[in-house]
Amino acid sequence: MSQIVSAGRKHSPNRPGVRTAALVVAAGQGLRAGQPMPKQFVNWRGKPVVRHSVEALLAAGCAPVLVMIPQNAEAVVRAALSGLTDVDFAIGGATRQESVRLGLEAIAREKPDRVLIHDAARPLLPAEVVERLQTALDTHTAAIPVLPVSDSLTHAAGDMMGAPARREELRRVQTPQAFHFSDILAAHRAWDDAPTAGDDAQVAQAWGMEVALVEGDEILHKLTYASDFAPTRAAVRVGNGYDVHRLEEGEELWLCGVRVEHTHGLAGHSDADVAIHALVDALLGAIGAGDIGQHFPPSDEQWKGAASDRFLAHAAELVAEAGYALGNADVTIICEAPKIGPHREAMRARLAQILGVDASAISVKATTTEKLGFTGRREGIAAQAVVSLALL
């Protein structure tokens, strides 16, 4: 075993007087995940997959934690587990069962009472599952987390339906699997590797151990395919925008895509529709696509005098391409004059038309600054917008 030197804190067992070690199986190649390296070392939600598992086991009081790794992966593992204490790694075997046996032999010198054997590719490990396993070991020699089967099942006869299977009698098996250490070590030593064991509970059962079942957790999903590593998209996203333009004589006043008769208009490179500009920034911000200046730079002459509804339509297209739909938009116009109330419904209808949504999803309102600041002095108009997006 190679010790990973670090300055992290030590962990104590979560059962007084009971030492629980952990073995993390990370020696596979993970080819189905379509990643440039074995999936257990790929960054996922901000850190390597294997680090999620190891940190969860350390937090549960397991010590030491031994990680079984592929040949020539030492440098990758050192980087993935940097800063953690009570963590070792060792080279695994040709099969999962051989990797586990080698790991148990290495841990034996630490003389633990119990061991949790976990797949590195199950990065999210709830503390409640570990506690249920530990409780089960108080009265049993082995315990595994399982989930019920909700789909109908059948046996396959080639490419034809065979006899039905009773889902009430079946469970989906997860890890970590928990054992009294001496028993599971003896079981692996006795295993003749024919056929290959699907998991350690099968090895334990073949040796005569009774395996208790505890409630698992859907969050313990095993990362297997490339889709499991796709960036996570939130079901709801929120963005906000803010814009200001000067009021000048001789300019037209456009607000929310509606021309408003007034003594002054807003000055800008485009039509200076301050409300639409704020709404565009809110939409772009919600999908992390920058701001209006990046997409329609004022230095570009093609946008001189352009109608801002083009900017809003473009932002709506980007939102759809990102896989989202507008939930609602709330626009606030800040000015002393003109009065917005008489134009409110026309503004809502125009924004809804550009965005391709029902007007009920659009709110337009106005406020003053009680004659304070540049808006109070009628030097300009400001607008702010907030949007929510829903995942399609």
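Scanning the range 78-100 for residues that are surrounded by 22 or more Cβ atoms within 10 Å (Cβ to Cβ) and not in a loop (DSSP other than H, G, I, E, B) yields 80, 87, 89, 99, 100. Please verify whether residue 67 is outside any helix (DSSP H, G or I) and either at pLDDT below 90 or crowded, with 24+ Cβ neighbours inside 10 Å (or both), treating the condition exactly as stated. Yes. Answer with yes or no whether residue 173 is among the aliphatic types (A, V, I, L, M) and within 28 Å of the chain's Cα centre (by Cα). Yes: the conditions hold for residue 173.
Screening the candidates 359, 390, 346, 352 for the property of being buried (at least 17 other Cβ atoms within 10 Å of the Cβ) and either hydrophobic (A, V, I, L, M, F, W, C) or under 36 Å from the mean Cα position of the chain (by Cα) (or both) yields one hit, 352. For the range 214-250, a residue qualifies if it is surrounded by 15 or more Cβ atoms within 10 Å (Cβ to Cβ) and either farther than 30 Å from residue 336 by Cα or at pLDDT below 95 (or both), and the qualifying residues are 214, 216, 217, 220, 223, 228, 229, 237. A single entry from 190, 108 fulfils the requirement of being over 22 Å from residue 17 (Cα atoms) and more than 32 Å from the chain's Cα centre (by Cα): 190. Restricted to the range 138-169, and to residues there that are touching an Asp or Glu at 6+ places or on another chain (Cβ under 8 Å) and not in a strand (DSSP E or B), the residue that is nearest to residue 206 (Cα to Cα) is 141.
With respect to residue 113, determine if the residue is within 15 Å of residue 64 (Cα to Cα), in the same structural domain as residue 223 (by TED's automatic domain parsing) and at pLDDT 95 or above. In short, yes.
Checking 284, 247, 253, 223 one by one, the residue that is touching a residue at least 40 places away in the same chain (Cβ under 8 Å), of a type outside the set (Ser, Thr, Tyr), at negative phi and assigned by TED's automatic domain parsing to the domain that holds residue 25 is 223 and no other.
The values are calculated or read from the model by the stated rules, or taken from the named source; none is laboratory data. This one's a predicted model, so the numbers in the text were calculated from it and none came from an experiment. Note: ideal-geometry Cβ built from the backbone for every residue, glycine included; neighbour counts use all protein chains shown.
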